Amino acid sequence: MTRQETAETNTDMKKLPRIRQRAYEVLEKAQPGDILSSAVDIFILILIALNIAVMMFDTIGEAGARLREIFDLFELVSVIIFTVEYILRLWVCVESDIKGNAFRKRIVYIFSFMALVDLLAFLPFYLIFLPVDMFFIRAIRLFRILRVFKIGRYSNSLGTMIRVFKRKKDDLLITFFVISLILIVISNIMYFVENKAQPDQFTSVFEAMWWGIVTLTGVGYGDITPITIAGKILGGLISVSGVVIIALPIGILGAAYVEDAENKRRGKIKVIRTSDHVIICGCSRVTRYIVEGLTQEQAVSKILIVTEKPNPEIPGVIYVNADWTDINILKHLSVDQAVAVVLTAENFDSEREDYNYDIVDMRVLFTLYKIKTTYPQVHTVSELINPEHLPMMKTNLQGDEIILKEIIDGNLIAHCIKIPLVSSLIYELIDLEGKIIQETSLDDLKLGDSCLYREVIQYGIENDFTFIGYIRGTENISQLSPSKNDTIIASDRLIYITDR
């Protein structure tokens, strides 16, 4: 193999993880702004709905016979799509947050509930080619109805339902146990009361149990009814008490749903499995501006605010009432899968001269240390008040982004004095007012592996880009308004402002 072929092979190997990551994003529930993933989700949902409709129409003898060829063709296309989807999900599941190596992730995924649903959605089709009994084939084809459960992959309500059942499983088990005991008791009593009078109806306790079920549930088919005075009295009592008994699990579930909704509002849900989200630790005066800036650009899938303060009631934000300095709290919020963690100077009060601002900074520094120690790959944005803590944060704690509140405010005031009305220009840069900050590279600009910054500026002039600097990719050193003779290399990230 030549050197060129080797280089091309290595390049293809590097591209493979990126392709797999993108495929994982497309197949999972669409994140805001991901048009391709949204289109795939909608397509799969429509396909599932059509499959259920076809199964229902297929039971109509005359219509099913006329459309048999169309139904068979649709079934074949659906099975091919579901098979390809399953294989792709098996390939990309290594990008999920399941712990372990690629092999373990695939094993865990294969035996997960949704993966089994995906498998049973198309597996019965292939069994018809095996030399097995036709009754078995007809029975196994009933598993096609499981395709409806694939909708749960794209529904937030499924997570709520699972939480409700998990939280109330003990209460529900006790309720169903009590109902079962009552059913057994009344079935035995009714059998001995009615058997002599109706030996052809109440043939056994199990027949009486059928009567007990339809009576307790209030259905009352009327196919079996007591005719003795004792049986009628017992049946009346069972009918009245059945309303209360059956209402118990309904009341438990209804209360649990209300409780779950209230817990969401009060931030009491402490475990959130998600990815590509931003965690904002603390609620201060700048929090709302951070959220507005992120939601306007639809840059992330979810925004979580963790604070022990009351719910700020910001639309589209998940509120978690907890101590954000506890790394276990952040762990349960999937901090390892977060796009960034923002550590705010919570409780900062500039009006109190006697306030110990070091306490505020120490909370930020302490939390940053725990995050970087446990999850060094997580990008952090930290707000500091005291500039003396800057060296510790940059050198010892390896903080990624640092916002020095006092220095920024002080420098802004100084510049406003030296250059009148400069604040409007600065705020235009901050607010962007119809513009957005983007990043690009020499490869995207087709400027080769290296060039002078003046060539980048010229490219911007010709294409309506305003380049403001670059970040050296190998060293993560930023250069604002660099010299036009600076050399830009392939790994550098060029930052520019352009219209939306």
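The values are calculated or read from the model by the stated rules, or taken from the named source; none is laboratory data. Keep in mind it's a predicted model, so treat the numbers as computed, not measured. As a convention, Cβ positions derive from the backbone with ideal geometry for all residues, glycine included, and neighbour counts pool all protein chains shown.
Couple of notes before you dig in:
- Qualifying residue in segment 55-78 (condition: modelled with pLDDT of 80 or more, of a type in the set (S, T, N, Q) and either surrounded by 12 or more Cβ atoms within 10 Å (Cβ to Cβ) or assigned to a helix (DSSP H, G or I) (or both)): yes
- Screening segment 184-232 for residues that are surrounded by fewer than 19 Cβ atoms within 10 Å (Cβ to Cβ), in a helix (DSSP H, G or I) and touching a residue at least 24 places away in the same chain (Cβ under 8 Å) and picking the one that is nearest to the chain's Cα centre (by Cα) gives Ile213.
- Residue within segment 267-285 that is at pLDDT 75 or above, surrounded by 15 or more Cβ atoms within 10 Å (Cβ to Cβ), in a helix (DSSP H, G or I) and more than 16 Å from the chain's Cα centre (by Cα) present: no
- Reported count of residues in segment 298-319, each being closer than 30 Å to Ile35 by Cβ and either basic (Lys, Arg) or not in a loop (DSSP other than H, G, I, E, B) (or both), is 6.
- Qualifying positions in segment 320-340 - part of a loop (DSSP other than H, G, I, E, B) and under 21 Å from Arg363 (Cβ atoms): Ala322, Asp323, Trp324, Thr325, Asp326, Leu333, Ala338
- Residue check for Tyr369: assigned by TED's automatic domain parsing to the domain that holds Leu404, at pLDDT below 80 and of a type in the set (Phe, Trp, Tyr): no
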